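Peer 1: One structure, pasted below without further comment.
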Amino acid sequence: MYWTELWLPENVMRNGYEIHRALWQLFPNQCQRNFLFSVVERKHGSGARVLLQSNDLPVYLDDAKEKSTVVRGSKDLRGLTIQRGQYLRFRLVANPTKKIKDQNDPDRAIRVPHIGEENKIAWLTRKFEGVARICHAESANLAPIYFSKPGHRGKIQPVLFSGLIENENGDAFLAMMKEGVGAAKAFGCGLIQVSRA
C-alpha cells in the first residue's frame, strides 16, 4: 500500500468523474480500481492537493505530466503495523448514507444521506464496530461533489469525520484502511488517514 501526494489542476476538479479518470490514468495497466483518494486542500482557480492511497505505485513525472497530474512523491506503507490498544487520531471524508425504498418504484432502493450529527456518528460507529472504538468524533459537511457524464448527473454530500479512536484489531483496521469506508469511493470518499495520538 502506498500514499502519494498529487496536485490536480482546476479543469479536472470541476467534475467528480474527471478527477477519477485523471487518477486512473496513473495506473495504465489496471482493469479494476484499487485506489482511494481524498482532496486535502482546494485552491479555487488553481487546483487541489490530493492524497492517493493505492496498492501499486502510480506512474511518475513525465507520464503524469502528460495527463495534467503532478506526482509529488510516494510513501511505502507495506510495512505499516497497528497494534491492538493503540490510540490514533483519524481523518475520514465519507459519504454516510442509508438505503430507503423509492416511493415511485417499491422494488428499487435509493441512497439518501444521513442528517444530523447524532445519525452521522452512529453511522461511523457501525462502520468501525469490531475494528476500533471511537473515543471522540465530530463531523462537518464539506462542499458537495458534483459529477456528470452523458446521460447521468448527480451530487454527493461528503462529510469530514475527525477524532480519536482506540484500535481493537490491527489486521482488521489495516484491511479497512485498504478497502475504504462507505460509498462513493470513486468520488473521493472512504480514505482513512491516521496518525499516532
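Peer 1: Within the group SER68, SER38, SER46, SER54, which residue is at negative phi and either of a type in the set (Val, Ile, Thr) or modelled with pLDDT under 85 (or both)?
Peer 2: When all the criteria are applied, what remains is SER46.
Peer 1: Select from the range 180-197 the residues that are touching a strand residue (DSSP E or B) at 6+ places or on another chain (Cβ under 8 Å) and in a helix (DSSP H, G or I) and write down the one among them that is farthest from ALA132 (Cα to Cα).
Peer 2: Among those residues, the one meeting the criterion is PHE187.
Peer 1: Among the residues of the range 100-109 satisfying the criterion of being among the charged types (D, E, K, R) and exposed (fewer than 11 other Cβ atoms within 10 Å of the Cβ), which is nearest to ILE121 (Cα to Cα)?
Peer 2: Residue satisfying both the conditions and the ranking: ARG108.
Peer 1: Can you name the residue in the range 180-197 that is under 15 Å from LEU80 (Cβ atoms) and open to solvent by 40 Å² or more (accessible area, probe 1.4 Å) and is also farthest from the chain's Cα centre (by Cα) among such residues?
Peer 2: ARG196
Peer 1: With the condition kept exactly as written, say whether any residue in the range 87-95 is among the small types (Gly, Ala, Ser) and modelled with pLDDT under 85.
Peer 2: no
Peer 1: Within the group ILE134, ILE121, ILE115, which residue is closer than 30 Å to GLU166 by Cα and part of a helix (DSSP H, G or I)?
Peer 2: ILE121
Peer 1: Suppose the filter is among the small types (Gly, Ala, Ser) and open to solvent by 40 Å² or more (accessible area, probe 1.4 Å); does ALA132 pass it?
Peer 2: Taking the combined requirement at face value, the residue does not satisfy it.
Peer 1: Right, something else. Output the residues belonging to the range 135-147 that are closer than 24 Å to ILE100 by Cβ and surrounded by 14 or more Cβ atoms within 10 Å (Cβ to Cβ).
Peer 2: Listed by number, the residues that qualify are SER139, LEU142, ILE145, TYR146, PHE147.
Peer 1: When the residues of the range 136-146 are filtered to those that are more than 16 Å from the chain's Cα centre (by Cα) and of a type outside the set (D, E, K, R), which remaining residue is farthest from ASN95 (Cα to Cα)?
Peer 2: HIS136
Peer 1: Go through the range 1-27 and give me each residue that's hydroxyl-bearing (Ser, Thr, Tyr) and either touching a Gly at 6+ places or on another chain (Cβ under 6 Å) or open to solvent by less than 30 Å² (accessible area, probe 1.4 Å) (or both).
Peer 2: TYR2, THR4, listed by residue number.
Peer 1: Residue by residue through the range 94-112, note down the ones that are basic (Lys, Arg) and in a loop (DSSP other than H, G, I, E, B).
Peer 2: none
Peer 1: Which numbered condition trips up LYS155, out of (1) in a strand (DSSP E or B); (2) charged (D, E, K, R); (3) under 28 Å from THR81 (Cβ atoms)?
Peer 2: (3)
Peer 1: Can I ask one more? Out of PRO113, PRO96, report the one residue that is within 26 Å of VAL40 (Cβ to Cβ), surrounded by 14 or more Cβ atoms within 10 Å (Cβ to Cβ) and out of contact with any Phe, Trp or Tyr (no Cβ under 9 Å at 6 or more places or on another chain).
Peer 2: PRO113
Peer 1: Kindly evaluate ALA172 against the criterion of being under 20 Å from ARG14 (Cα atoms), touching a residue at least 12 places away in the same chain (Cβ under 8 Å) and not in a strand (DSSP E or B).
Peer 2: Spelling it out, it is not the case that ALA172 is under 20 Å from ARG14 (Cα atoms), touching a residue at least 12 places away in the same chain (Cβ under 8 Å) and not in a strand (DSSP E or B).
Peer 1: Just give me the residues in the range 99-149 being closer than 30 Å to ASN11 by Cβ and among the basic types (Lys, Arg), in sequence order.
Peer 2: ARG111, LYS149
Peer 1: Working only within the range 81-93, note down all residues that are open to solvent by 60 Å² or more (accessible area, probe 1.4 Å) and part of a loop (DSSP other than H, G, I, E, B).
Peer 2: The answer is THR81, GLN83, ARG84.
The values are calculated or read from the model by the stated rules, or taken from the named source; none is laboratory data. Owing to the predicted nature of the structure, the values given are computational and were not obtained by experimental measurement. A quick note on method: Cβ atoms are made from the backbone with ideal geometry, for glycine too, and the neighbour counts reach across all protein chains shown. These area figures cover heavy atoms from the full protein model, side chains too; ligands, DNA and RNA do not enter into them. Shrake-Rupley method; radii C 1.70, N 1.55, O 1.52, S 1.80 Å.
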